[in-house]
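None of the figures in this text is laboratory data; all of them are computed from the coordinates on show. Please read all numbers here as calculations on a predicted model, not as lab measurements. Using ideal geometry, Cβ is built from the backbone for each residue, glycine included, and neighbour counts are taken over all protein chains shown.
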Amino acid sequence: MHYVYILHSEKLDRYYTGYTSNLETRLEFHENAENHKFTHNADDWKLIFSLQCDSKQQALAIEKHIKAMKSKIYIRNLIQYPEMGRKLIEKYS
């Protein structure tokens, strides 16, 4: 399985968007991030969105799309409106 995921830190009021083939392991990585990693800046990262994709290529394309939007509002809408995730899956199949 391949996933696109979004983490949120209330402390920083920042979002982190990523891709992984193993969501559980990747979340552990973020919890124990090294000093030079972006997610090390906060200790309150929470998984707020994940989207299961059919392939690595699809997941990477969706991750790139979300990052290109550069918008907290877009991310909040992804969370609030599940149909947006389904449309991304269709668009990048």
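So Thr39 fits all but one of (1) surrounded by fewer than 12 Cβ atoms within 10 Å (Cβ to Cβ); (2) over 13 Å from Val4 (Cα atoms); what number is the exception? The failed condition is (1). With respect to the stated conditions, Tyr16 is touching a strand residue (DSSP E or B) at 6+ places or on another chain (Cβ under 9 Å) and among the aromatic types (Phe, Trp, Tyr). Among the residues making up the range 53-65, those that are within 21 Å of Glu24 (Cβ to Cβ) and under 11 Å from the mean Cα position of the chain (by Cα) are Ala59, Leu60, Ile62, Glu63. Tallying residues that are part of a helix (DSSP H, G or I) and farther than 11 Å from Tyr5 by Cα within the range 42-59 yields 3.
Residues in the range 1-30 that are farther than 17 Å from Ile75 by Cα, out of contact with any Asp or Glu (no Cβ under 8 Å at 6 or more places or on another chain) and either part of a loop (DSSP other than H, G, I, E, B) or not basic (Lys, Arg) (or both): Met1, Thr20, Ser21, Asn22, Leu23, Glu24, Thr25, Leu27, Glu28, Phe29, His30.
Give me a count of the residues in the range 75-93 that are under 17 Å from Tyr19 (Cβ atoms) and exposed (fewer than 15 other Cβ atoms within 10 Å of the Cβ). Going through the range 75-93 one residue at a time, the tally reaches 2. For the structure I just gave you, tell me whether Ile89 is within 20 Å of His8 (Cβ to Cβ), among the β-branched types (Val, Ile, Thr) and either assigned to a helix (DSSP H, G or I) or touching a residue at least 60 places away in the same chain (Cβ under 8 Å) (or both). No, not satisfied. Among the residues examined, Ser50 qualifies as closer than 15 Å to Leu88 by Cα, surrounded by 12 or more Cβ atoms within 10 Å (Cβ to Cβ), touching a residue at least 12 places away in the same chain (Cβ under 8 Å) and small (Gly, Ala, Ser).
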